[in-house]
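See structure below.
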Amino acid sequence: MIPIPPEAGNAAATLVLPFHGGCACGAVRYTCSEAPLAMFNCHCRDCQRASGGTFVTVALVRAAALRVLQGAPRAHRSAGDSGRFTDRSFCADCGTPLFATGEVAPGYIAIKPGSLDDARWFMPSIDTWAPRAPAWMRLDPALPKADRTPDVIRGRRAKPPA
Ligand SMILES: [Zn+2]
Ligand SMILES: [Zn+2]
């Protein structure tokens, strides 16, 4: 294993509110005034497609706490493994994945942490749809595994941060 120096973004850091982020080209900028209610990895087929890789990792916040400051992310709607719709938005200019909203969690929006200006505080706490992860992928044994999207990260049942 290659040690990653803290400046490369691997060190835990304290979340400072509001936090900010944006896309790779700078066309889209956003700010969020509240701490995430949940942070997780999703391995469902729909997220695999959306990521272009193997899974999606997100920070779930109340939609009212997020404000797009500039730019207009474009959205793509798809029906996920749960059979419900998810709208995933991205920068129309550079393609950076930014947000997702879905029927599964009304009133909430998922932020893709790769778009955060400082993502060092981000730490997923669960792997959802874990059985869909590819066989070659080594999931973190320290994280709980869920077969689907658990209630704790669904809409009004989302748990406030401890
Ligand atoms: Zn962009
Ligand atoms: Zn998913």
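Read-outs: derived from the displayed coordinates by stated rules, not from any lab. Small disclaimer: the values here were computed from a predicted structure and weren't measured. Note that we place each Cβ from the backbone using ideal geometry, even for glycine, and neighbour counts take in every protein chain shown.
Laid out as a table, the results:
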item: Convex hull (Cα only) mean projected area of the chain, reported in nm² to one decimal; result: 9.7
item: Rough spin-label spacing in nm, given labels placed 7 Å along Cα→Cβ, for Ala24 and Asp117; result: 2.1
item: Listed residues Ala142, Ala50, Ala65, most fluctuating in the chain (Gaussian network, C-alpha, under 10 Å); result: Ala142
item: Exposure proxy ranking, count of Cβ atoms within 10 Å, fewest first, for Met39, Met123; result: Met123, Met39
item: Within region 102-116, backbone nitrogen closer than 15 Å to the virtual label 7 Å beyond the Cα of Ala63 toward Cβ; result: 102-111
item: Theoretical ellipticity at 222 nm over the chain - DSSP helices of four or more residues, -39500 (n - 2.57) apiece, nearest 500; result: -1000 deg cm²/dmol
item: Selected from Ala142, Phe122, Ile111, residue furthest toward positive end of dipole (region 111-153; charges at beta carbon); result: Ala142
item: Likely footprinting exposure, Trp129, Trp136, Trp121, fewest C-beta neighbours within 10 Å first; result: Trp136, Trp121, Trp129
